[in-house]
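The values are calculated or read from the model by the stated rules, or taken from the named source; none is laboratory data. Worth saying up front: this structure is predicted, and the values here are computed from it rather than measured. Cβ: placed from backbone, ideal geometry, glycine included. Neighbour counts: every protein chain shown. All accessible areas refer to the heavy atoms of the entire protein, side chains included, with ligands and DNA or RNA removed. Shrake-Rupley method; radii C 1.70, N 1.55, O 1.52, S 1.80 Å.
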Amino acid sequence: MKTKKAIVLGASSGIGMEVSKLLLNDGWTLGIASRRTDLLMELKDKMPDRVEVETIDVNSEGAEDLLLSLIAVVGGMDLFFYAPGIGKQNTTLEADIETATVTTNALGFTRMIGVAYRYMARHGGGHIVAITSIAGTMGLGPAPSYSATKAFQNTYLQALEQQAYTRKLKIRFTDIRPGFVDTALLNDGKNYPMLLHKEDVAHEIMVAINKKSHVRVIDWRWRIITALWRCVPRCIWRHLPLSVKDKKK
């Protein structure tokens, strides 16, 4: 049987790390990358014959070449799993938070998804899976740049899916939209509702990958909530006092 080969970007922690572990358990050979390699090396030490490691910052100018180099070392890419992202509540609209979020979640995302897409277009296809967020459903006042960039990611993947179909490319896309997940991204002292465990999210992602789902909102509670959000008229949405409270000490 042909060895399945996956590249996981943002694999050093959180969902990316959990998905990497599940892929290994499912028999995949991996190329894993992130800005920090110490945690990646721990995974490689467990299965050195099936894991390759690279240091990649999606905002660096050399990120594209490093990703292509990792793909070459692995020997190809059937699956590209994209997990990097940043986001903070920014009710005072601090400029550095907004611009950093756009740089990573829009420009970095576009840069790396583009590399994977062009590679698969040249090499017979593949599967691109990206973690976006339910935050892209509507504009969220507490996190303007975060919700806007997640909406960008949703639309970009949809556009690439249409383009691939038009070009008759065998590239599949899965847009993963989790609710709040207990990762370092939310380690800000806030009390987030219906917090999901990263292990449970990773298992549901594997189901979506195997089923080749187009869009997967995680979990069922957030599927209901986002469906309701879409029904709220703009004239009402703009008046909703959205906020996440600090944890009680």
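At a glance:
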quantity	calculated
Part-to-part distance (alpha-carbon centres) for region 52-117 and region 24-51, which is given in Å	18 Å
FRET efficiency, LYS21 to CYS235 (Cβ-Cβ, R0 30 Å, nearest 0.05)	0.05
Per-residue SASA entry for ARG216, accessible area with 1.4 Å probe, Å² rounded to 10	60 Å²
Column: log10 I(q)/I(0), Debye, Cα scatterers of the chain, q = 0.17 Å⁻¹	-1.38
ILE225-GLU64 pseudo-label distance in nm [points 7 Å out on the Cα-to-Cβ vector]	3.8 nm
Rounded to whole Hz, the Karplus (6.51, -1.76, 1.60) HN-Hα couplings of region 206-220, x for glycine and proline	4, 4, 5, 5, 5, 7, 6, 5, 7, 9, 9, 8, 10, 10, 5
